[in-house]
Amino acid sequence: MPAHFVRAGGLYQETGYAYAAIAPPGSLVFAAGACPIDETGQVAGGADYAAQARQTMANLVTALAAAGAGLADVLKTTIYVASADAADLGAVWDVVHADFAEHEPPSTLLGVSVLGYPGQLVEIEAIAHSRALDMAG
């Protein structure tokens, strides 16, 4: 049984994401916060929010694939941006939304004061549905 997105009636419909998601029992993947860290352990993208978001999304895709999932299987994201400027949050959201394309899982976008690595501006957590269990069962 695949995951199902809920678009609740009576709520604003032009959000670019669903309001809730339902997944079959035993199939959830909880991805740690993906960071814009490259293969050498350095923060990629410098002070460019969009560049850091692109590296972060690439790292999220890799982590999800290792768990038998992809972006189309994501049920919920939490996106952290080290900024109080709405333009910076929007730049990150634009990258994330473009990578998800037509798949619009429930999402939370937050401006925070600091993230874990020096120079880190973006972090993205995801909950996904693993198809690995669907194939095994």
Item to check | One residue from ARG7, ARG54 being farther than 30 Å from PRO118 by Cβ, charged (D, E, K, R) and out of contact with any Leu (no Cβ under 8 Å at 6 or more places or on another chain) | outcome: ARG7
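Scan the stretch 118-137 for residues that are in a loop (DSSP other than H, G, I, E, B) and either surrounded by 14 or more Cβ atoms within 10 Å (Cβ to Cβ) or modelled with pLDDT of 95 or more (or both) and jot them down. Steps first, answer last, please.
Narrowing the stretch 118-137 to residues in a loop (DSSP other than H, G, I, E, B): 118-121, 130, 137.
PRO118, GLY119, GLN120, LEU121, SER130 - these are the residues of the stretch 118-137 that are in a loop (DSSP other than H, G, I, E, B) and either surrounded by 14 or more Cβ atoms within 10 Å (Cβ to Cβ) or modelled with pLDDT of 95 or more (or both).
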Checklist entry - Applying the selection to the stretch 1-59, what residues are in contact (Cβ under 8 Å) with a residue 12 or more places away in the chain, loosely packed, with under 15 Cβ neighbours inside 10 Å, charged (D, E, K, R) and within 18 Å of ALA101 (Cβ to Cβ)? => result ARG7
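The values are calculated or read from the model by the stated rules, or taken from the named source; none is laboratory data. Nothing here was measured: the structure is a model prediction, and the numbers come from that model. Note that each Cβ is placed from the backbone with ideal geometry, even for glycine, and that neighbours are counted across all protein chains shown.
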